[in-house]
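Asks: Attaching a single structure in structure tokens format; questions to follow.
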Amino acid sequence: MIATAICTETKQLIANNTLVHGKVHSVFGRVFNVLTNDRHLISFLSDKILPAPRSICVDLPARQSMHVSGFLPGMSVAFSSTQVCIGSYLHIDLTRAREWDPHPTFNFDPIGEHLLVENIRSVRDILMCHGNLHGIAGITPFLLKTSPVAEERNPALNSAGELILPRINKLLACIISGDMESLRHAAGNVVGFGPGLTPSADDFLCALMASLLYSDAYYARNLSRTYQINNAIIGKIFERTTTLSAEMLSLAAQGWVAEGVRRLLLAVFAENGQRALKDRLLSVLDYGETSGTDLTAGVYAGCLLGMCLEDHGRTVNLASLLS
Amino acid sequence: MVLKTVIRRGEYYDSGRLMIVTRTISKLEGIIDAAVQMGTALNKEALKRTGLLDKDSEGASVDDLMISMKGTGEGVESALVQLDALLNQSSSGLQDSEYRPKTIDSALKAEPGLNFAIISVPGRFAKNEAMKALQKGMHVLLFSDNVSIEEEKELKTFAVSHGLLLMGPDCGTAIINNVPLGFANKVRQGNIGVVGAAGTGMQEVMTLIHKHGAGISQAIGTGGRDLSVTIGGAMMLQGLKALNSDKNTDIIVVISKPPAPEVSDKILQFIKDECRKTIVVNFVGGGRPESIEACGAISASTLEEAALRASELAGHANGAPRMAEEDLDRIARDEAKRLNAGQKYLRGLYSGGTLCYESMLIVRDFVGDVYSNTPLNKQMKLLDSAAPCKHTCLDLGDDEFTAGRAHPMLDTTLREQLFEHEASDPNVAVILLDIVIGYGSHSDPAGVFADLVRKHKENARREGRHLIVISSVCGTEEDPQNSLTQERKLQETGVIVMPSNAAAARLAGKIVSYANSEERRL
């Protein structure tokens, strides 16, 4: 197998001999994860998926899964600067991989605020139309609304949504108020909720944190307050969520997200025109079973919140703006 | 009652699969509740709320999979046996190697040779999705409704200019290369092609062709507005072109509710000038037979006749039971005699729009004008569509009845309620029902109505009335519901089951006509 792309940070870790040995942690259709001996998680993605932080993309044939390719949990993994050896016979050639930089892209030309509102509304509408709402994304229409009116309730608000919605709204309220201790506590009541390896609530939080940073860049705000917010959100994640998810949350707190999500955020804040936005949205919605939809819900929440912070917390205006 | 938790250390599955496994286990016999998820604190909290938390789950770590279930000892044991098989299926029951794309782009990325898209998204998004597929060179079946006629025009203009099919919007049925799409039946493969602007009309013709022993090459739906002046029959012409050049098609059946006259002329002119194959035309209740025949096509007055003519041309017309007119008359007289003096009216409760339309045309010849939510002429439109009066036929698949609920071919609830209402009306003599089966339809519509018919026939008998229910089953013995089983269920409760929609309507018309005749009153 040939690696087509590698995250610059992963490449650096390999070059620094930080990554020596590890084991295959989990295997899915188009992704497998490796946990190194020093607890770094490296994701190997099909090259049909855009790169992500700590990832290596490989040339997996379109209709072939990682399982079929022979990757199994527990296999030993050894990294070198030129290749990754998995088990006794699987090799991934790293020499031809292009580098992908996971750092956030803040040097974009911001669009006008009325276009931003239009884009945020599209994110919500397309998510509700095309997304898989079996995670928590059914809460999207009710975010930042303190008391959803009964008739307004979307049938997509499943039992997971009912449980998590008040907690997420509480978390959003803490971000607005800037009460970091309450925020840390509120985040602890959200993190790790959802059945799978990357729980729905964590996907949501990852995108929320990254979106807040991009929103700062859009409004030319100082990023330090948001870094403080994000640190509060991830303050209680360890032992409250899975190892893989905790790693993703830590990276997202710095604005490191998958390339698809980064492109989506740039489309929201810098694209004048709905076509590119919709294409990028649909591409993110395609992630996993519910992950893409939960991520998109987080993008919506983060963008909304970003506007709200600029508007000094006047959520009522925003709700009417986006209705 | 047993509470059981299994902890699988370091075992990982995606969220979708775990949700499906949770739902599947919860539905197993003897299981009251279940949850399959990672051992995070919040997931444990959710378990506590539902009474599924025990010492084992309390001890699970964030990277452990917790399988929790509550039920009878036997139920839990049985669920545990099935657990691995359930976990190793993906969320759709497909194996992991089968990737299921969520967008047209990702589908094309995975399978670059794709040339056909079925689109079923809310109407306001449908045009963009359909256009995207067309621009990528794909034929489109657009199942979505609520697409404006201007958008339909734009899509079809593009499709025609690029030699593509845009079936729809609101295209309910098609069979392409022997693959049934949308609401469709399992029919024999053969040399008869069908192109139609009438979903259940196409299903009726195709299933009757199958019963005659003939088969279908392709069936192309055009969407109900295709033969309007605005659209100009764009897809009907495109479909005719496609079937005309299809080497597996020898005979073509054209089905539509009455087209706009200028569009009808255009279609017939095309048939005359371009088509090299034998064509049977049924413009249900429209189009003059002499105009159709003048262009070299064969005119059929009903869907039943269209199927028969096409099957005869294909050398197969011996299979389907047909009822002689004298037999219909005999049954009608016998049934009419059993009605009491107050029972005068006919009520049709249809799930198929074209079937409803055809029935009204037939019944009108026997009983006069028929009220409807989709009437043959505007004067007969019901003021309140859910309140039938005198002779009425309702198309329950029409938009006003399907807002916020599934189509009546799938969700029988509304039709059941209306049946109960009409069956209790002392003025009603006959209730007509269509039973449309096949892919996408209710799993046992006859079973649903059999119970109701039994109950209301008995009620009517106690009240000194004779309730007549007439039906026909649109489907084949190869459909998942099996037409023969469906017919038997209806017959066992006293429903008169006719071999076609047209025959059912004729019988109903005759019964009501006899019931109201001078002869009977004397």
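The values are calculated or read from the model by the stated rules, or taken from the named source; none is laboratory data. The structure presented is a predicted model; accordingly, all values stated were derived computationally and were not measured. As a convention, Cβ positions derive from the backbone with ideal geometry for all residues, glycine included, and neighbour counts pool all protein chains shown. Note: accessible area is taken over every heavy atom of the protein model, side chains too, but ligands, DNA and RNA are not part of it. Shrake-Rupley method; radii C 1.70, N 1.55, O 1.52, S 1.80 Å.
Asks: In the set A:ALA78, A:ALA62, which member is in a loop (DSSP other than H, G, I, E, B) and closer than 19 Å to A:MET1 by Cα?
Replies: Of the residues listed, the single one that is in a loop (DSSP other than H, G, I, E, B) and closer than 19 Å to A:MET1 by Cα is A:ALA62.
Asks: From the list A:ASN33, A:ASN107, which one is under 27 Å from A:CYS206 (Cβ atoms) and either modelled with pLDDT of 95 or more or more than 13 Å from every other protein chain (Cβ to nearest Cβ) (or both)?
Replies: Every option except A:ASN107 fails the conditions.
Asks: I would also like to ask the following. Tell me which residues, restricted to the stretch B:449-498, are open to solvent by 30 Å² or more (accessible area, probe 1.4 Å) and assigned to a loop (DSSP other than H, G, I, E, B).
Replies: Within the stretch B:449-498, B:GLU463, B:GLY464, B:GLU477, B:GLU478, B:PRO480, B:ASN482, B:GLY494 qualify.
Asks: Could you grab me the full set of residues in the stretch A:248-276 that are in contact (Cβ under 8 Å) with a residue 60 or more places away in the chain and within 12 Å of chain B (Cβ to nearest Cβ)?
Replies: Selection gives A:GLY260, A:GLN274.
Asks: Give just the number: which of (1) part of a loop (DSSP other than H, G, I, E, B); (2) crowded, with 19+ Cβ neighbours inside 10 Å does B:LYS247 not satisfy?
Replies: (2)
Asks: Would a scan of the stretch B:501-517 turn up a residue that is of a type in the set (Gly, Ala, Ser), open to solvent by less than 10 Å² (accessible area, probe 1.4 Å), assigned to a strand (DSSP E or B) and in contact with a Ser or Thr (Cβ under 8 Å, 6 or more places away or on another chain)?
Replies: no
Asks: How many of the residues in the stretch B:104-120 are touching a residue at least 40 places away in the same chain (Cβ under 8 Å) and either in a loop (DSSP other than H, G, I, E, B) or outside the structural domain of B:VAL147 (by TED's automatic domain parsing) (or both)?
Replies: 0
Asks: Just a yes or no: is a residue in the stretch B:356-379 within 17 Å of the chain's Cα centre (by Cα), in contact (Cβ under 8 Å) with a residue 24 or more places away in the chain and under 21 Å from B:ARG454 (Cα atoms)?
Replies: The answer is no; no qualifying residue exists.
Asks: With open to solvent by 20 Å² or more (accessible area, probe 1.4 Å), within 20 Å of B:ASN501 (Cα to Cα) and touching an Asp or Glu at 6+ places or on another chain (Cβ under 7 Å) as the only criterion, which of B:LYS211, B:LYS186 stands out?
Replies: Just one listed residue meets the conditions, B:LYS186.
Asks: Still on this structure, I have one more. When you go through A:CYS85, A:CYS57 one by one, which is the residue that is part of a strand (DSSP E or B) and free of Cβ contacts under 8 Å to residues at least 40 places away in the same chain?
Replies: A:CYS85
Asks: Restricting the stretch A:182-225 to residues that are open to solvent by 10 Å² or more (accessible area, probe 1.4 Å) and among the small types (Gly, Ala, Ser), which is farthest from the other protein chains (Cβ to nearest Cβ)?
Replies: Only one residue fits best here, namely A:ALA220.
Asks: Can I ask one more? Being touching a residue at least 60 places away in the same chain (Cβ under 8 Å) and under 17 Å from B:SER256 (Cβ atoms) is the filter here, so list the residues in the stretch B:210-225 that pass it.
Replies: B:GLY221, B:GLY223, B:GLY224, B:ARG225 - these are the residues of the stretch B:210-225 that are touching a residue at least 60 places away in the same chain (Cβ under 8 Å) and under 17 Å from B:SER256 (Cβ atoms).
Asks: Among the numbered criteria (1) more than 14 Å from the chain's Cα centre (by Cα); (2) under 30 Å from B:ASP63 (Cα atoms); (3) within 9 Å of chain B (Cβ to nearest Cβ), which one does A:ASP279 miss?
Replies: Looking at each condition in turn, A:ASP279 falls short on (2).
Asks: Further question: Name the residues in the stretch B:1-17 that are over 14 Å from B:ALA60 (Cβ atoms) and of a type outside the set (Phe, Trp, Tyr), would you?
Replies: Once the filter is applied, which keeps residues that are over 14 Å from B:ALA60 (Cβ atoms) and of a type outside the set (Phe, Trp, Tyr), the stretch B:1-17 yields B:MET1, B:VAL2, B:LEU3, B:ASP14, B:SER15, B:GLY16, B:ARG17.
Asks: Hey, can you tell me all the residues within the stretch B:413-442 that are assigned to a loop (DSSP other than H, G, I, E, B) and open to solvent by less than 10 Å² (accessible area, probe 1.4 Å)?
Replies: B:ILE437, B:GLY438, listed by residue number.
Asks: A further question on this structure: Read through the list (1) free of Cβ contacts under 8 Å to residues at least 12 places away in the same chain; (2) open to solvent by less than 10 Å² (accessible area, probe 1.4 Å), then give the number of the only condition that B:GLY239 fails.
Replies: (1)
Asks: If you go through the stretch B:262-275 one residue at a time, do you hit one that is of a type in the set (S, T, N, Q), in contact with a Pro (Cβ under 9 Å, 6 or more places away or on another chain) and not in a loop (DSSP other than H, G, I, E, B)?
Replies: Scanning the stretch B:262-275, I find at least one residue that is of a type in the set (S, T, N, Q), in contact with a Pro (Cβ under 9 Å, 6 or more places away or on another chain) and not in a loop (DSSP other than H, G, I, E, B), so the answer is yes.
Asks: Hey, any hits in the stretch B:136-156 for a residue that's part of a helix (DSSP H, G or I) and under 17 Å from A:LYS278 (Cα atoms)?
Replies: Taking every residue of the stretch B:136-156 in turn, none turns out to be part of a helix (DSSP H, G or I) and under 17 Å from A:LYS278 (Cα atoms).
Asks: Filter the stretch A:46-66 for residues that are open to solvent by 10 Å² or more (accessible area, probe 1.4 Å) and either in contact with a Lys or Arg (Cβ under 7 Å, 6 or more places away or on another chain) or away from every other protein chain (no Cβ under 11 Å) (or both) and give the result.
Replies: Result: A:LYS48, A:ILE49, A:LEU50, A:ALA52, A:PRO53, A:ARG54, A:ASP59, A:ALA62.
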